[in-house]
Amino acid sequence: MPEISRFYGIVIRMYFDDHFPRHFHALYAGKEAVVDIDTLALLSGGLPPRALGMVTEWALLHQGELRELWGQAKDLRPLHKIDPLP
């Protein structure tokens, strides 16, 4: 599963050829959250509130890029990195 971003100890990853809905995985402190790209809703798992807030803020800033990467991942094409949260 390629890492597409990393910030404040949070790792963002996306699987190749993953199932719908479009989503990404956020890992922090041994916990994992799966976040819907279109709605930014938590699909499964969880993170501490502050970490989840940062993930949501980052995803909102990069929603278009995340949609683009999802398409690339479905086509098994290489994924580029997305800038971290400042």
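Residue by residue, segment 32-40 carries 3J(HN,Hα) couplings of 9, 10, 10, 10, 5, 5, 6, 9, 6 Hz when phi is fed to the Karplus relation 6.51 cos²θ - 1.76 cosθ + 1.60 (θ = phi - 60°); x denotes Gly or Pro. Structural size metrics of segment 9-71, computed from C-alpha coordinates, are Rg and Dmax of 10.7, 30 Å.
Across segment 2-8, coupling constants 3J(HN,Hα) worked out from phi with the 6.51/-1.76/1.60 Karplus curve, θ = phi - 60°, read x, 7, 10, 6, 8, 7, 6 Hz, and Gly and Pro carry x. For the chain, the longest principal axis of the Cα atoms and the long axis of helix 63-74 meet at an angle of about 50 degrees.
Accessible area per residue for the chain, computed on protein heavy atoms with a 1.4 Å probe, is 54 Å². Between the helical axis of 49-61 and the longest alpha-carbon principal axis of the chain there is an angle of about 40 degrees. Here the accessible area of the chain is 56 percent carbon and sulfur, with a 1.4 angstrom probe and all protein chains present.
The values are calculated or read from the model by the stated rules, or taken from the named source; none is laboratory data. Worth saying up front: this structure is predicted, and the values here are computed from it rather than measured. Just the protein is used for accessible areas: all its heavy atoms, side chains included, with ligands, DNA and RNA removed. Shrake-Rupley method; radii C 1.70, N 1.55, O 1.52, S 1.80 Å.
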